[in-house]
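Bear in mind these aren't lab numbers, they're just calculated from the coordinates by the rules spelled out. The structure presented is a predicted model; accordingly, all values stated were derived computationally and were not measured. Quick reminder, even Gly has a Cβ in these numbers, built from the backbone with ideal geometry, and neighbours come from all protein chains shown.
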Amino acid sequence: MSRQRQTWGTTVLGIGLGILFLLALNSFIIINPGEAGVLSILGKAQSGTLLEGIHLKPPLVSKVDIYDVTVQKFEVPAQSSTKDLQQLSASFAINFRLDPLKVVDIRRTQGSLQNIVAKIIAPQTQESFKIAASRRTVEEAITKRAELKQDFDLALGERLDKYGIIVLDTSVVDLTFSDEFSKAVEEKQIAEQRAQRAVYVAQEASQEAAANINRAKGQAEAQRLLRETLSAEVLQKQAIDKWDGKFPLVLGGNGTLPLINFDPAKLASGSVPPR
């Protein structure tokens, strides 16, 4: 009988020690670096974020929700109408992290990280893109992409900050516009090329006409100077220089060689009429 009591006593003691061990294990929580915890007792979230380290908690009736507060990245699509009523679509890669000091509010209002992305980040991204896109035309959104991103970052940061979400960086992964605008851009480029070609042709024709005028003026001036400088003595000398040593069969009316009666222009060009 005494041995049986000892056996029961040992069993009860072992069970008690086991229960105490389990209670001890369930009485503290370890929060790792890059994490933040929210303590709930009987389903009610308690104030005060559990940061990295060891924290005590009531056993059996408490639960700790762990949130990753390191940098997260999600791609979120967005669509909007521009200032000139063109449809513009974009895809943003958003780098963010949760504010460790606000995870209790996040736990109470949003719950899981998936809910945060679906219920807060995605719709606020859409609204922020609408604000940025509505301030410029679709052509400005493409040519001034940095300014579009700056307006988007400012709007998104202000909207997410009140939810305890810190935006670190955003990137425009893709930016597309409607087929109608693509066609309009192509037609505009073709028209600009044709206009540039027409200007080039017109300039070339103008330069050629100016060159012809200058050549004509030069020839006229040369002939004028030639007529002024050709005296009778010069013409006589040129005729003698070109004489082949044969006398003409017919002399002039005064018995002289009719060389000075030649056309000065013909003499200047070296063409002496045959006799």
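If you look at the Cα atoms of the range 72-177, you get an Rg and a Dmax of 14.1, 44 Å. Spin-label pair S81-A122: with each label point 7 Å from Cα along the Cα-Cβ axis, the two points sit 2.4 nm from one another.
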